[in-house]
Amino acid sequence: MANRKTIHDFLQMKREGKKITFLTSYDFPTAQFAETAGLDMLLVGDSLGMCVYGYEGTVPVVMDQMIFHAQAVRRGAPNTFVIGDMPFMSYQSAVDKAVENAGRFLKEAGCDAIKLEGGKRITRVIQAIVDAGIVVMGHVGLTPQSSGQLGGHKAQGRTAELAKLVVEDARAVQEAGAHMILLEAIPPEVGRYIRQDLRIPVLSIGAGPDCDGQLLIVSDLIGQFQAFTPKFVKKYCNVAEMVTSAMKAYCQDVRSAAFPAEEHCYRMLEGEEEKFVVLMRAEK
Ligand code: KIV
């Protein structure tokens, strides 16, 4: 029986001021590392479109891709709360379709919750998914799936008027029944206000230090994603450099015949080489 935190634990952590640790994960080994490291929550984010598939953005990602990755993450982290991220057009066009797709994350991948982007304009969808008995995380501020409308991957809520709109979106998400909310790329002052204003746990990716927990994209944290680095990222190691230099060393070893060495070879059994030579001579 899995021993994962639940939404009740996250509410309790908010009440006690204990920070929630949250990271994306897209594959089995990374999920294993994250569970060993003690992460509270994992997001199988549609950012995998950029971090794993090399797309320019998240828009091309489809449900089946998300399900395959969520299944791998679930297998790697059986005791961690896993959230499946609803990809573009899996919930925007019809409420029934949204509920069905949200359900797939639970039925086919064993996720604990789903996340979807948007504030006031998707409250009907949030309500319907919650009514189906599914734990929902909202996502407001910078919402990458609609970055075209936002004029790019830009911080949101930087003026008083625009900050008020982000607060209204966050309130609408809570009123629709969402159990948690993620704030992306907004000023820390606004993040702090929303954290105090809402009853539900408020997670931050670029929303300052005063939220109930922090999310980073694992490919940013380990220095694997190369295309760009948002301001809110802190790199904790440089996997790109480590892996590239390991691969260069491998090429050098192969070219100089330093690899494979004796310890990498499967020798014939005692006395078999002589027999082999005789056998092959007889063939000629
Ligand atoms: O897909 C994802 O990883 C996300 C983050 C950018 C918040 O939604």
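The values are calculated or read from the model by the stated rules, or taken from the named source; none is laboratory data. Quick caveat, the model's predicted, so the values are computed rather than measured. Please note: Cβ atoms are built from the backbone with ideal geometry, for glycine as well, and neighbour counts cover all protein chains shown. Just the protein is used for accessible areas: all its heavy atoms, side chains included, with ligands, DNA and RNA removed. Shrake-Rupley method; radii C 1.70, N 1.55, O 1.52, S 1.80 Å.
Details
- Cβ-Cβ distances below 6 Å connect the following pairs, each with a first residue in region 158-183 that is under 19 Å from residue 136 (Cβ atoms), a second residue that is open to solvent by 10 Å² or more (accessible area, probe 1.4 Å) and among the hydroxyl-bearing types (Ser, Thr, Tyr), and a separation of six or more residues or different chains: 172/123; 176/123.
- Count of region 21-79 residues which are touching a helix residue (DSSP H, G or I) at 6+ places or on another chain (Cβ under 8 Å), more than 14 Å from the ligand (Cβ to nearest atom) and either on the phi > 0 side of the Ramachandran plot or among the β-branched types (Val, Ile, Thr) (or both): 1
- Taking region 84-103 as the range and being within 16 Å of residue 145 (Cβ to Cβ), among the aliphatic types (A, V, I, L, M) and either away from the ligand (no atom under 13 Å from the Cβ) or outside any loop (DSSP other than H, G, I, E, B) (or both) as the test, the residues that pass are 89, 98, 102.
- You will find that of 231, 235, the residue that is basic (Lys, Arg) and closer than 19 Å to residue 25 by Cβ is 235 and no other.
- Residue count for region 8-42 under the criterion of being closer than 21 Å to residue 211 by Cα, open to solvent by 10 Å² or more (accessible area, probe 1.4 Å) and touching a residue at least 40 places away in the same chain (Cβ under 8 Å): the result is 8.
- Given (1) in contact (Cβ under 8 Å) with a residue 12 or more places away in the chain; (2) assigned to a loop (DSSP other than H, G, I, E, B); (3) open to solvent by 30 Å² or more (accessible area, probe 1.4 Å); (4) away from the ligand (no atom under 16 Å from the Cβ), index of the condition residue 189 fails: (2)
- Looking only at region 119-162, residues that are within 18 Å of residue 207 (Cβ to Cβ) and basic (Lys, Arg) come to 2 in all.
Condition check ((1) of a type in the set (Val, Ile, Thr); (2) at pLDDT below 95; (3) in contact with a Phe, Trp or Tyr (Cβ under 6 Å, 6 or more places away or on another chain); (4) open to solvent by less than 70 Å² (accessible area, probe 1.4 Å)) across all residues:
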site	(1), (2), (3), (4)
78	no, no, no, yes
89	no, no, no, no
95	yes, no, no, yes
111	no, no, yes, yes
123	yes, no, no, yes
146	no, yes, no, yes
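- A single member of 245, 204 is open to solvent by 30 Å² or more (accessible area, probe 1.4 Å) and of a type outside the set (Asp, Glu), and it is 245.
- Per-region count, region 50-95, residues out of contact with any strand residue (DSSP E or B) (no Cβ under 7 Å at 6 or more places or on another chain) and closer than 15 Å to residue 115 by Cβ: 9
- Residues that are away from the ligand (no atom under 11 Å from the Cβ) and among the β-branched types (Val, Ile, Thr) were ranked within region 199-231; the one that is nearest to residue 34 (Cα to Cα) is 222.
- Filter pass, residue 234 being at pLDDT 95 or above, within 16 Å of the ligand (Cβ to nearest atom) and open to solvent by 80 Å² or more (accessible area, probe 1.4 Å): yes
- On inspection, residue 196 does not qualify as surrounded by fewer than 23 Cβ atoms within 10 Å (Cβ to Cβ), among the polar types (S, T, N, Q), within 16 Å of the ligand (Cβ to nearest atom) and modelled with pLDDT of 95 or more.
- Single unsatisfied condition, residue 106 versus (1) part of a helix (DSSP H, G or I); (2) touching a residue at least 24 places away in the same chain (Cβ under 8 Å); (3) closer than 28 Å to residue 227 by Cα; (4) open to solvent by less than 70 Å² (accessible area, probe 1.4 Å): (3)
- Positions within region 129-185 being within 16 Å of the ligand (Cβ to nearest atom), of a type outside the set (A, V, I, L, M, F, W, C) and not in a helix (DSSP H, G or I), in sequence order: 138, 139, 141, 143, 152, 153, 154, 156, 157, 184
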